[in-house]
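Laboratory data are not the source of any read-out in this text; all were calculated from the coordinates shown. These numbers come from a predicted model, not from an experiment. Neighbour counts are summed over all protein chains in view; Cβ atoms, including those assigned to glycine, are modelled from backbone coordinates with ideal geometry.
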Number of protein chains: 2
Amino acid sequence: MKQARPDRTQGKSFVSAQQVADRAGVSRSAVSRTFTDGASVSPTTRKRVLEAAEELGYHVNHLARGLIRDRSNIVSLVVTDINTPYQAAMIEALTRRLQAADKVAMVINSSGQNASVESALRQTLHYRADATIVLSGQPAASLIETCLNNGQHVILVNRDDPVPGPETIMVTNRTAARQAFDMLDRAGCKRLAVIASAVGSASLSARKKAFVAAAEAAGVPVSVTELGPTAYQSGVEAARLVLSRADRPDGVFCVTDLLACGFLDAARNEFGLTVPDELCVVGFDDIEQAGWSSYELTTFRQPIDQIADHVVNLIDHHTQIRQVQEPMRFQTQTVWRKSVRPR
Amino acid sequence: MKQARPDRTQGKSFVSAQQVADRAGVSRSAVSRTFTDGASVSPTTRKRVLEAAEELGYHVNHLARGLIRDRSNIVSLVVTDINTPYQAAMIEALTRRLQAADKVAMVINSSGQNASVESALRQTLHYRADATIVLSGQPAASLIETCLNNGQHVILVNRDDPVPGPETIMVTNRTAARQAFDMLDRAGCKRLAVIASAVGSASLSARKKAFVAAAEAAGVPVSVTELGPTAYQSGVEAARLVLSRADRPDGVFCVTDLLACGFLDAARNEFGLTVPDELCVVGFDDIEQAGWSSYELTTFRQPIDQIADHVVNLIDHHTQIRQVQEPMRFQTQTVWRKSVRPR
DNA sequence: GCCAATTTTGCACACCTGTGCAATTCCGTC
DNA sequence: GACGGAATTGCACAGGTGTGCAAAATTGGC
């Protein structure tokens with residue numbers, strides 16, 4: 001059934017709708033309508049067109065289609081630290097759903113120099129993306145403002161910019177952080193510590209603050225450590241710093257699982273501590289590694305699937321309003337494993 | 001300096017070059033040439049155009065540009081298991097370099113149903129991508145054939161399809177696998193095992209076969225275990241299976257670090273074995289977790305940066321030849337850590 | 001100031017598609 | 001077979017850009 005296509009070794013360009021029309025003996029409009037949902041074509045011509053298209057290897061040029069319609073069906077994902085388990089999982093969930101909705105994801109790596117980020121983000125506008133999804137705290141708010149000014153539909157995930165326009169999706173950071181305190185408190189921890197990072201986003205900052213507030217309200221001493229990027233190595237270094245103190249903590253809340261993994265490894269392998277007997281650790285995100293048997297980390301799961309579902313829903317049903325919107329908040333799910341003593 | 005743009009709340013479409021031309025008092029061609037590299041514009045008009053563009057918030061429409069030129073500056077990355085450390089690192093490296101080359105990455109998630117993969121892969125053709133980079137063994141060869149038939153520039157990474165057309169990039173799998181045997185042999189291991197997966201790609205298969213061949217050539221007994229996908233959990237299950245045997249192996253080669261992490265965890269936490277004294281383990285890829293202090297995995301690093309560099313080079317200098325091409329092979333780098341006894 | 005050589009500019013066409021509108025065809029009914 | 005209504009089809013325009021070509025403007029030299 002599969003027919004060899006006329007070879008394109010001559011550098012001949014792609015097949016156009018006109019060529020299909022000629023071959024099928026119909027007008028170009030008929031070809032266009034055949035590939036347009038809800039357009040009126042008789043079954044006869046539709047069949048002829050499809051056959052001709054198959055023989056010639058025709059594919060609708062989405063560049064031209066996007067030019068005519070207002071929507072390009074491209075969605076930009078702006079993300080830093082792609083090779084971080086949490087972000088990678090987010091990209092996986094989003095690309096899968098976008099494809100199911102006949103859209104396609106354009107990934108913009110916003111790590112690195114701010115200048116290159118800006119030029120990359122401009123691609124969002126260049127390609128007339130249907131929406132821009134910002135997954136990380138990295139790109140400056142001014143760049144987002146640029147997108148908004150150009151009528152871009154911007155969706156912020158786990159950010160907290162009080163600018164008018166973008167829709168915002170968050171997680172119940174404060175509730176979870178308070179619960180983290182409760183868990184450690186009930187486990188009998190007397191000296192608490194929270195491990196964050198130097199470049200943390202608003203989301204991480206909210207977790208940190210809520211934990212500290214809860215501890216102080218309960219009169220439990222708590223120390224705050226923030227160094228390096230939000231990465232495994234930062235957790236290791238934080239552990240070295242914090243655990244070598246005379247009054248080292250016996251309960252630790254790491255605002256990210258990645259930090260928690262580093263902290264746990266250093267605590268066990270460098271300080272010889274046993275978890276959860278001598279030290280309790282709580283993480284955040286529930287990345288895959290948190291479930292690995294070397295960690296068995298008690299943590300809070302971000303409902304990535306729900307978030308991704310909601311994001312693509314937002315893209316479809318979009319009404320342009322430029323006012324500060326109340327963020328949509330998803331509840332985290334507590335995942336009890338073995339890094340905290342059961343009550 | 002930054003000027004507020006005329007508000008677009010009326011749903012007004014994007015700014016076009018014509019509007020910029022009107023405002024700058026020049027022809028539309030002048031605007032087009034201003035934003036085209038190597039075009040002839042006088043400094044005076046260039047300046048006027050840039051000012052008008054800034055004021056109006058003009059952005060070249062890459063859909064229209066791609067329509068005129070043959071190249072859309074979009075590069076498709078076809079990848080399964082995005083939230084796997086190795087693939088995520090690859091995406092990070094590629095997106096970074098593509099952006100530096102003024103291109104943009106379109107990520108196509110080829111996990112899941114084959115039908116949806118096919119429709120997603122079609123996007124590559126719809127958007128007239130400059131090239132398609134296939135990062136995983138998942139999509140069927142027939143889909144790649146479709147891309148090739150449509151004149152797509154296809155680059156295969158760590159695949160081994162003997163079809164004419166695509167350029168192929170590989171890693172010295174066999175050399176590394178043989179070296180893995182040498183490492184275990186010199187460490188004094190007497191009973192070897194290789195852990196692969198049921199859905200392995202050609203690359204993984206090559207590692208497995210080369211290791212087995214080396215072992216058999218040296219007269220050392222070796223068992224092969226292949227179950228489940230290429231994931232942590234498969235490593236755990238393989239360990240449960242293999243280590244509960246009476247003559248359990250004392251030297252194991254996992255064709256992937258992810259498998260090795262699972263194997264190590266199960267070996268230590270479920271069987272109480274000490275590494276590397278009672279068991280030596282070698283992995284492949286050098287994912288980030290291999291360096292975490294719970295694993296300290298001896299492994300082979302894939303030169304991801306070099307591969308990514310080479311890929312974008314291939315995209316730029318592309319001569320269309322439809323013949324089977326010798327794969328470009330990159331050498332892995334041996335990373336000695338602590339999961340194998342030093343000689 | 002004049003002329004030739006070079007640079008710059010504008011016009012018009014091309015790229016490929018979607019769609020409103022009017023003309024045509026089709027179908028069922030009398 | 002005629003006729004009314006519905007479905008289908010083709011025409012022509014629009015969408016935003018790049019670029020060859022000829023006209024215009026600029027530059028340099030004398």
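So here's what we get for this one:
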item	result
Relative contact order, percent, chain A [alpha-carbon distance under 8 Å, six or more residues apart]	14
Anisotropy class of the protein assembly as shown from Cα gyration tensor, a/c 1.5 cut	oblate
Per-copy distances of the B:Glu216 label point, shortest first, in nm (7 angstrom along Cα→Cβ)	6.9
Placed amide H near B:Thr298: partners under 5 Å, 5+ positions off or other chain	B:Gly283, B:Arg337, B:Lys338, B:Ser339, B:Val340
Amide H within-cut-off set for A:Thr168, under 5 Å, with H built and near neighbours excluded	A:Leu156, A:Met328
Dipole magnitude of the protein assembly as shown, debye to nearest 20 (Cβ charges: Lys/Arg +1, Asp/Glu -1, about Cα centre)	1340
Shortest-first distances to equivalent copies, position B:Ser16, nm, label 7 Å out along Cβ	1.9
Charge dipole of chain B about the Cα centre (unit charges at C-beta), most positive-ward option of B:Ile74, B:Ala52, B:Gly112	B:Ala52
Antiparallel DSSP beta bridges within chain B, as percent of all bridges there, nearest 5	10
Within-11-Å neighbourhood charge of A:Ser42 [Cβ basis; K, R +1; D, E -1]	+4
Phi-based couplings in Hz for the stretch B:103-110 (Karplus 6.51, -1.76, 1.60; Gly and Pro marked x)	10, 9, 9, 10, 9, 10, 7, 9
Gaussian network model of chain A, springs between alpha carbon atoms under 10 Å - residue of A:Asp277, A:Asp265, A:Asp160 with greatest fluctuation	A:Asp277
Nearest-first distances (nm) between copies at A:Ser116, label 7 Å from Cα via Cβ	3.3
Unit charges at the beta carbon, dipole of the stretch A:64-199: most positive-side option, A:Asn173, A:Leu156, A:Leu184	A:Leu184
Highest-MSF residue in chain A out of A:Arg128, A:Arg65, A:Arg174 [GNM, Cα springs under 10 Å]	A:Arg65
Three-way shape label, the stretch A:173-301, alpha-carbon gyration tensor, a/c 1.5	rounded
Formal net charge of residues neighbouring B:Asn313 (Cβ-Cβ distance under 14 Å; K, R +1; D, E -1)	-3
Sequence-distant residues sharing a close amide H with A:Ala131 (under 5 Å, placed H)	A:Ser76
In Hz, Karplus ³J(HN,Hα) per residue of the stretch A:80-92 (6.51, -1.76, 1.60; θ = phi - 60°; x = Gly, Pro)	9, 6, 4, 8, 9, x, 5, 5, 4, 5, 5, 4, 4
Net charge over other residues, Cβ less than 15 angstrom from the Cβ of A:Gly188 (K, R count +1; D, E count -1)	0
Projected-area mean, the stretch B:17-60, by convex hull of Cα positions, square nanometres	2.5
For the stretch B:94-245, convex hull of alpha carbons as volume per residue, Å³	139
Calculated from backbone phi, Karplus (6.51, -1.76, 1.60) coupling profile of the stretch A:26-34 in Hz, x at Gly/Pro	10, 7, 5, 4, 4, 5, 4, 5, 4
